[in-house]
1. Being part of a strand (DSSP E or B) and not polar (S, T, N, Q) is true for just one of L15, L23. Which residue is that?
2. Within region 26-83, track down each residue that is among the acidic types (D, E) and either under 18 Å from the mean Cα position of the chain (by Cα) or closer than 24 Å to S191 by Cα (or both).
3. If you go through region 91-127, how many residues are of a type outside the set (A, V, I, L, M), more than 12 Å from the ligand (Cβ to nearest atom) and assigned to a loop (DSSP other than H, G, I, E, B)?
4. For region 110-152, what are the residues that are farther than 19 Å from L207 by Cα, buried (at least 18 other Cβ atoms within 10 Å of the Cβ) and under 16 Å from the mean Cα position of the chain (by Cα)?
5. If I go through region 13-41 residue by residue, how many of them are within 15 Å of L87 (Cβ to Cβ) and more than 11 Å from the ligand (Cβ to nearest atom)?
6. For the subset of region 153-179 comprising residues that are hydrophobic (A, V, I, L, M, F, W, C) and either more than 30 Å from T206 (Cβ to Cβ) or surrounded by fewer than 14 Cβ atoms within 10 Å (Cβ to Cβ) (or both), which member is farthest from the ligand (Cβ to nearest atom)?
7. Testing H146 on (1) within 13 Å of the ligand (Cβ to nearest atom); (2) in contact with an Asp or Glu (Cβ under 9 Å, 6 or more places away or on another chain); (3) of a type outside the set (D, E); (4) assigned to a loop (DSSP other than H, G, I, E, B), one condition comes back false. Which one is that?
8. Scan region 14-35 and report the pairs whose first residue is at pLDDT 95 or above and whose second residue is away from the ligand (no atom under 13 Å from the Cβ) and hydroxyl-bearing (S, T, Y), with Cβ atoms within less than 6 Å and a gap of 6+ or a chain change.
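The values are calculated or read from the model by the stated rules, or taken from the named source; none is laboratory data. Computed from a predicted structure; not experimentally measured. So basically every Cβ, Gly included, is an ideal-geometry build from the backbone, and we count neighbours across all protein chains shown.
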Amino acid sequence: MLDKQASKKSRIVVLISGSGSNLQAIIDGCQHRQINAEVAMVISNRPGVFGLQRAEQAGIANVCIDHKLFASREDFDKALNDKLKELNADLIVLAGFMRILTPTFVTNFIGKLVNIHPSLLPKYPGLNTHQRAIDDGESKAGVTVHFVTPELDGGPAIIQAPVSIETNDDASSLAAKVLIEEHRIYPLAISWFIDGRLSLTHGKATLDNEILPSHGAKNSSNAQ
Ligand code: GRF
């Protein structure tokens, strides 16, 4: 007889606002079994974005919940909240989702909500991270995957990847280099969560029962 538990695939819901290249890396990770889960649905807060086409092409259910159709941030978050509760996902992945979520929303999904941010947090939370790093004369930029908490871009780091800033870099060349790292570390972090190795425990990111340092896991030694 088929073991019901063993046959049940974990379900990921991905929230996007744009091109969805990270979404694509996650879809590919599921298809290649790096991530032992399925993308149950893709939700965009913006209509017509390329990420929705990527979902369509991969045969993944997708919907736009257009934030502009809601009178307030709270109303939008309530609609998103209701949709996500209905989907009963194991993990909610913010992948270029450009909306600030209310503390009420975040608290409802705490421990099941992850984000990718294009800087080495705690440096450069918020927008225009690459230009700000260049303007400050930094030698390194990078990316952070972290658990989402009510503090914007402030949740515990899961993994980071640094990228060198060269003298001829501008914000777009740097963004392109950082994206390559994003597409590598996001599927990896998601696979840890799905495999039950990663959790948010007492407010700390924990991998294989060890509390991760403030910059997250060492990304080479935990790469399997
Ligand atoms: C990425 O740089 C991500 O870190 C940031 O928004 C960008 C989204 O890119 N939050 P994409 O939509 O995944 O291509």
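1. Going through L15, L23 in turn, the sole match is L15.
2. Here is the first cut: in region 26-83, the ones among the acidic types (D, E) are 28, 38, 56, 66, 74-75, 77, 82.
D28, E38, E56, D77, listed by residue number.
3. Initially, region 91-127 is screened for residues of a type outside the set (A, V, I, L, M), giving 96-97, 99, 102-105, 107-109, 111-112, 115, 117-119, 122-126.
Narrowing further to those that are more than 12 Å from the ligand (Cβ to nearest atom): 102-105, 107-109, 111-112, 122-123.
Next, only the ones that are assigned to a loop (DSSP other than H, G, I, E, B) stay: 102, 109, 111-112, 122-123.
Qualifying residue count, region 91-127: 6.
4. Matches in region 110-152: H117, P118, S119, L120, G142.
5. Total meeting the criteria: 6.
6. I165
7. (4)
8. Q34/S191; I35/S191
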